[in-house]
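These notes are about the structure you will find just below.
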Amino acid sequence: MVSNKIYTVPQRGSPIGVSALIVGAGIAGLYAALELWRQGIDVQIIERAPARLTTGFEPTLWLGDGFTIAHQVIRSFRNWPYLAEKNKEIAFHPWVAWFNLKGEQLTEPRSIEDNAASQSQRDDKEGDSSQGLYRHSRPKFHLMLEKQLEETGLKVQYGKRVTRYFDGEPEGNKRPGVELDSGEVSEADLVIAADGIGSHSTKATLGYEARARSTGFAIYRATIPVEFVRSDSELMEKFDLLPNGHGLVQLWFGKTTQATWEANESWTKHVSPQQVIDDTTSKIEGWPDYVNRLISLTPDDRLIDFELVWRDPQPVWTSPSGRIVQIGDAAHTFFPASGNGANQGLEDAISLAKCLRIAGKEHVAEATKVHNKLRFERVSCLQKIGICSQASQYGQEGNKSASSVPKYVRALMASWIWKQDPEAYAAEKYHEALSALRDGVPFRNTNIPESHTYQPWTFEDILNEFKAKGDYELGDDGWWN
Ligand SMILES: Cc1cc2nc3c(=O)[nH]c(=O)nc-3n(C[C@H](O)[C@H](O)[C@H](O)COP(=O)(O)OP(=O)(O)OC[C@H]3O[C@@H](n4cnc5c(N)ncnc54)[C@H](O)[C@@H]3O)c2cc1C
């Protein structure tokens, strides 16, 4: 290990002579930069934001609230000693309980891991770790990745907004690249589109701009420090820690209100607390006053009006030359209820870097296409569970059973998800997947439910089945195991 005074960085693989330009310094882009660096690829990373959005470990600009990071990703931090250490410091392990919209508690609090599908899964230990889930403040997690990047000597280049991707032409020896709003052009051997849900890269991968579209669902999002509510004793009591010292995530569910606005998933579209109360909570029967007080204590600049938008699974993540590849939300959209937006972006980063390492300088295009083949079906299965989870939780209102956990939440804890090691999987399956792409040799992914055979599906298919039958049948082919 190479070490410096404060932190260590892993031993870097020998350089393979490939340059990569990553567009977007979100979670996926930052981890891709780290993993590509580790695998011996030369990396540049550009970001449209004018500057880092957080400073120190007290984020000054709270863009984003929280997300769950799963075991298969945390396991990969064994390669990054600083991440492994820092993750322990900043992750938290709240318990969860379901409530109705009157604030009545429907289920007993349980740890997130205890919501696993079965006792056998809970007992299924892997060395010293089972399928742990880690809640994170997104700004802190993001900053942790960026700090680790700086340890490697890499820096995000801020203030660079990409307006267009152009593909390479292997025959003409022309490299792929991007054009910025300043008119500047940057090229590299490989361009990685990690620029999120509004990525312009679909023009290069699909030949047209595939914009995400409205789902009719929206959420208000905010994070506020506990200090803001300390003077209100009722709020302190209602949102107190559990006797065991864990925080409690209160999931309040009721009937949905279907809304239609223009499609705009944005972390900067603010709304005032009064507007939330006037437009929404005042119309909910039995909605408690104390929650309106909590909403009122949220500063205007911390309350985000966030519409959920969606793109159906898109099997092609690469440009025709294979020299532009999408990762994270640029490749696949997830709902918050899926708990996988960040996880799948992070898995992409690990898988892509390993495929590039295996392929070497001469076969970059092959590496991106193999990576795409290894990842698409898995991601698509997780997207499907996420939609089911979103759609089914509204039915919790009448559920008074203390032991019941929504079934798709359990599906999200299945061992085919958390046992996956994306780096080992790429190493094991690379050549098989390549033969399938090159010669049409039959190939079966094993990072999906055990005996499941992927069939194309759409968002509407699932919602229509929910509307018709009140449920969606995932099937018995290993989804729950
Ligand atoms: C500010 C912010 C806050 C978020 N907060 C949460 C949260 O609290 N909870 C949650 O579950 N998810 C949150 N998300 C989404 C979540 O981080 C992603 O769904 C997931 O982590 C996948 O990450 P990603 O890197 O693929 O995409 P993103 O996290 O969306 O990152 C994409 C990055 O690309 C940059 N970018 C976009 N367009 C361009 C361009 N044209 N040129 C250059 N750069 C560009 C963006 O500024 C952004 O930094 C947030 C995303 C953002 C951008």
**Item:** Crossing angle, helix 81-90 versus the chain [Cα axis fit, 0-90 degrees, rounded to tens]
**Value:** 10 degrees
**Asked** What residues have an amide H closer than 5 Å to that of GLY216, excluding those fewer than 5 places away on the same chain, when H is modeled at 1.01 Å from N in the peptide plane?
**Response** TRP261
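Any idea what the dipole of the chain comes to, in debye rounded to 20, about its Cα centre with Lys/Arg Cβ at +1 and Asp/Glu Cβ at -1?
The calculated dipole for the chain is roughly 660 debye.
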**Prompt:** Once the principal axes of the Cα atoms of the chain are found, what is the range along each, listed largest first in whole angstroms?
**Reply:** 67, 47, 46
**Item:** Only Lys, Arg (+1) and Asp, Glu (-1) charged, at Cβ; region 213-310 dipole about Cα centre in debye
**Value:** 240 debye
**Message:** Can you compute the FRET efficiency between PHE92 and VAL185 using 1/(1 + (r/R0)^6), with r the Cβ-Cβ distance and R0 = 45 Å? Round to the nearest 0.05.
**Reply:** 0.55
**Fill in**
Nearest-0.05 FRET efficiency for GLN105 and ASP477 at R0 = 35 Å, using Cβ-Cβ distance, is 0.45
**Message:** Name the residue from PRO273, PHE217, TYR290 whose Cα lies farthest towards the positive end of the charge dipole of region 213-310, charges +1 on Cβ of Lys and Arg and -1 on Cβ of Asp and Glu.
**Reply:** PHE217
**Complete:** Computed over the chain: longest principal axis from alpha-carbon atoms vs helix 422-439 long axis, angle to nearest 10 degrees, is 60 degrees
**Request:** Provide the per-residue ³J(HN,Hα) series for region 177-186, in order, calculated from phi with Karplus coefficients 6.51, -1.76, 1.60 and θ = phi - 60°, each as a whole number of Hz, with x at glycine and proline positions.
**Result:** x, 9, 10, 9, 5, 7, x, 5, 10, 10
**Item:** Nearest-ten-degree value, helix 459-469 long axis tilted from longest Cα axis of the chain
**Value:** 30 degrees
**Request:** Using packing as a proxy for protection, rank 380-386, 28-34 so that the peptide with the highest average count of other Cβ atoms within 10 Å comes first.
**Result:** 28-34, 380-386
**Message:** On alpha carbon coordinates alone, what is the Rg over Rh value for region 254-381, Rh being the Kirkwood radius?
**Reply:** 1.16
**Amide hydrogen neighbours beyond the local backbone of ASP65, cut-off 5 Å, H modeled** = ARG138
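Bear in mind that the values in this text are calculations on the coordinates, not laboratory data. Computed from a predicted structure; not experimentally measured. Using ideal geometry, Cβ is built from the backbone for each residue, glycine included, and neighbour counts are taken over all protein chains shown.
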